[in-house]
1. Got a number for residues in region 62-108 being at pLDDT below 95, touching a helix residue (DSSP H, G or I) at 6+ places or on another chain (Cβ under 7 Å), assigned to a helix (DSSP H, G or I) and more than 23 Å from SER47 (Cβ to Cβ)?
2. Please go through region 31-69 and pick out each residue that is under 25 Å from ALA88 (Cβ atoms) and of a type in the set (A, V, I, L, M).
3. Name the pairs: first residue in region 51-70 and over 20 Å from GLN83 (Cα atoms), second residue among the basic types (Lys, Arg), Cβ to Cβ under 9 Å, at least 6 apart or on different chains?
4. Tell me which of these MET103 doesn't satisfy, since it passes every other one: (1) in contact (Cβ under 8 Å) with a residue 60 or more places away in the chain; (2) surrounded by 14 or more Cβ atoms within 10 Å (Cβ to Cβ).
5. Inside region 42-72, can you point out the residues that are among the aliphatic types (A, V, I, L, M), surrounded by 12 or more Cβ atoms within 10 Å (Cβ to Cβ) and within 31 Å of the chain's Cα centre (by Cα)?
Amino acid sequence: MTSKPKTPGAKGAAGLGAFPTIPGAWFSNEAVERWGDIGAEFMEFLSARIHEDVKTQQAILHCKDPAELRKIQEDFLQTAVDQYAAQAGRMTELTNAFLASMMLPPVDD
């Protein structure tokens, strides 16, 4: 019984070591900057939401009657809806910019 010698480049049926190529654009400076923009935008949004939470809690602690409490809660919810809607649009813009930065330039043959 003869067996084939194993060569360093030979891979098993599982395809171990056969890594797909990763476009260099994924690691371009522009793509990394756009990814950083997404992270920074998210952190700014999170900070603004926490600020609104704290402001609302302070207002609730100082309110004197149920009508005032209701107004505080309505304002809080409206602000949250407005901020989340605006943030969704902003994150879509940033994600589109990130994806565009990863596009490889066309190759002229």
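1. Residues flagged as at pLDDT below 95, touching a helix residue (DSSP H, G or I) at 6+ places or on another chain (Cβ under 7 Å), assigned to a helix (DSSP H, G or I) and more than 23 Å from SER47 (Cβ to Cβ) within region 62-108 amount to 1.
2. ALA31, VAL32, ILE38, ALA40, MET43, LEU46, ALA48, ILE50, VAL54
3. That search, which allows pairs on different chains as well, returns CYS63/LYS71.
4. (2)
5. Listed by number, the residues that qualify are ALA48, ILE72.
Conditions (1) at pLDDT 95 or above; (2) over 25 Å from MET102 (Cβ atoms); (3) touching a Pro at 6+ places or on another chain (Cβ under 6 Å), marked per residue:
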residue	(1), (2), (3)
GLY9	no, yes, no
PHE19	no, no, no
ASP53	yes, yes, no
ALA59	yes, yes, no
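The values are calculated or read from the model by the stated rules, or taken from the named source; none is laboratory data. Remember, it's a predicted structure, so these values are computed and weren't measured experimentally. A quick note on method: Cβ atoms are made from the backbone with ideal geometry, for glycine too, and the neighbour counts reach across all protein chains shown.
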